[in-house]
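Let me begin by presenting the structure, written as structure tokens, before commenting on it.
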Amino acid sequence: MDFDVAVIGGGTAGYASSVILGRRGKRVAVIEKENIGGTCVNYGCVPSIFLSELSFLYSRIKEIGNYKGINISVSIDGSSFFNKRDEIVNYLSSAGENLIRSSGGEIIKGEAEILGKNEVVINGEKVTAKNIIIASGSKPNPPQIEGIENAVSEDEAVRIKKIPSSIIVIGGGVAGTEIAQIFAKLGSEVTILSRGKVLKELEEDTRKIILEALEFDGVNVIEGVVPEKIKENKVVSSKGEHEGEVIVYATGRVPSIPKGASMIGIESTRNGIIVNNKLETSIKGIYAVGDVIDKEKRVAHLAYIEAIIASLNILGSCEEMDYEGVPQVIYTDPEIGVVGDKRKVEKYVKFPYTANTRAIIRGLRDGFSLIGIDKNGTIVYSEIIGDNAEELVNLMALAIRKRLTIRDLAFSIFAHPSLSEVMLNAARDHFDLDVDIYK
Ligand SMILES: Cc1cc2nc3c(=O)[nH]c(=O)nc-3n(C[C@H](O)[C@H](O)[C@H](O)COP(=O)(O)OP(=O)(O)OC[C@H]3O[C@@H](n4cnc5c(N)ncnc54)[C@H](O)[C@@H]3O)c2cc1C
């Protein structure tokens, strides 16, 4: 079988590349060993955000009832809850398959091994192509401890079929914290075992709010603990034994580099395949995109833009990746948005939700926006905790990518009353131009 482009992996990056190239007349083969949609659709963003949406809604309804003195009786119908999640996952995966096919792509099921610069083999069948895109993603990295086979990965945890009575989560990073809070809200007894501080990259003020929220939801957070082994349903650690019906590890991910890649000279580190700023590997004509490459952040929206850049380069453009201002959202309650490089920050400006008219009208809980600027006043970093942080962080991503200054933001005009004004007024406060009365 001969194609213009062979794409290894049908996740966010592979799927996007194949549709973009197919629509522009290239004959594309997408080789996928599991389901189209990859981690994001099948084990990541989609099932985990579905669970957080519903679990947060469930806890809010109970909270509102208590707060307003209304007796609301709510309960979860476990089977329809998890069936709905699977229905959405299956819908998005098959919609992805349809779009690949309707844009002219061919889906080949199986595991791809790279044989040469223009050659891939799947279940003994050879595929040749002028270009190869490696979009094979990443996989969970289990801790190397005895008994780990008794635990499930973060990917498996978000596809669980029953709400467990208790869960031990090993790992206090983004995935571990999100999973812990979801199941605590659904009624499980949850403990996080974290080697360092939970969500350690965040500013202390942000961590304080999220730790309080976890405590409010009943999550038992144990920091500075080293898991030593797992004995059936118990984690034995440096701080004692922790028992849970389900044990989850969310201890980072490693790249899934296809077999044969290093044999043909594709260079990589432990963190992924090395690419240049055009996303070409050390072998000319072979590109790599998404979680499989050596980079700082593994998120779906980065995989998507990398797919755009690599595809346009295959089509003859000369596009380069700009990694400035990649937003990340931590889908906890409250949400956290983070963007930029805090190593460049000279000064922070901060604005509380309690002084934002829209937040006051909505009766929102604690939250704030934090904007970091460098010595020239250029916006280089932002951290937002509170409702709609997932949207506000995109505003700051644009500001950082366009190298806007704090003055540009302060003299912008945002609609009133809106939550976005927590960003605007942080900037105005910097010039002593904010006149909110509630601060
Ligand atoms: C629990 C969880 C929650 C997440 N939440 C978010 C979120 O909210 N927002 C966000 O932006 N990101 C989130 N992510 C990260 C996001 O899922 C990834 O960044 C994204 O899926 C990367 O896309 P990709 O195409 O590079 O890789 P993947 O989506 O992993 O796709 C790679 C595909 O390649 C296939 N494959 C691998 N090797 C081969 C081979 N040799 N032959 C054939 N096929 C192969 C795999 O089966 C897979 O389908 C989350 C991840 C997890 C685990």
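Dipole magnitude of the chain about its Cα centre, charges +1 at Lys/Arg Cβ and -1 at Asp/Glu Cβ only, in debye to the nearest 20? Computed about the Cα centre, the dipole is about 600 debye. Out of the DSSP beta bridges found with both residues in the chain, what percent are antiparallel (nearest 5)? Among the beta bridges of the chain, antiparallel pairing accounts for roughly 55 percent. Helix 12-23 and the longest principal axis of the Cα set of the chain meet at an angle near 60°. Using θ = phi - 60° in the Karplus curve 6.51 cos²θ - 1.76 cosθ + 1.60, the 3J(HN,Hα) couplings for region 116-133 round to x, 3, 10, 9, 10, 10, 10, 6, x, 9, 8, 10, 10, 7, 5, 10, 10, 10 Hz; x is entered for Gly and Pro. DSSP beta bridges confined to region 1-130 are antiparallel in about 45 percent of cases. For region 180-333, give the share of DSSP beta bridges that are antiparallel, in percent and rounded to the nearest 5; count only bridges with both residues there. Around 70 percent of the beta bridges assigned by DSSP in region 180-333 are antiparallel ones. Computed over the chain, the per-residue total of -39500 (n - 2.57) for DSSP H runs of n ≥ 4 gives a 222 nm mean residue ellipticity of -10000 deg cm²/dmol, rounded to 500.
Which residues in region 233-267 have a backbone N closer than 13 Å to a point placed 7 Å from the Cα of residue 166 along the Cα-to-Cβ line? Label zone hits: 233-236, 241-247.
Measure nothing fancy, just the Cα-based angle from helix 174-185's long axis to the longest principal axis of the chain, in degrees from 0 to 90, nearest 10. Long axis of 174-185 versus the principal axis of the chain: about 50 degrees. Taking label positions 7 Å along the Cα-Cβ direction at both residue 284 and residue 239, the computed distance is 5.6 nm, reported to one decimal. Per-residue 3J(HN,Hα) values for region 317-323, derived from phi via the Karplus relation 6.51 cos²θ - 1.76 cosθ + 1.60 with θ = phi - 60°, read 7, 10, 8, 10, 6, 10, 8 Hz in sequence order (x marks Gly and Pro). Spin-label model, residue 79 to residue 61: label points 7 Å out along the Cα-to-beta-carbon direction sit 1.9 nm apart.
Bear in mind these aren't lab numbers, they're just calculated from the coordinates by the rules spelled out. Quick caveat: nothing in here was measured; it's all calculated off a predicted structure. Neighbour counts run over all protein chains shown; Cβ positions are idealised from the backbone, glycine included.
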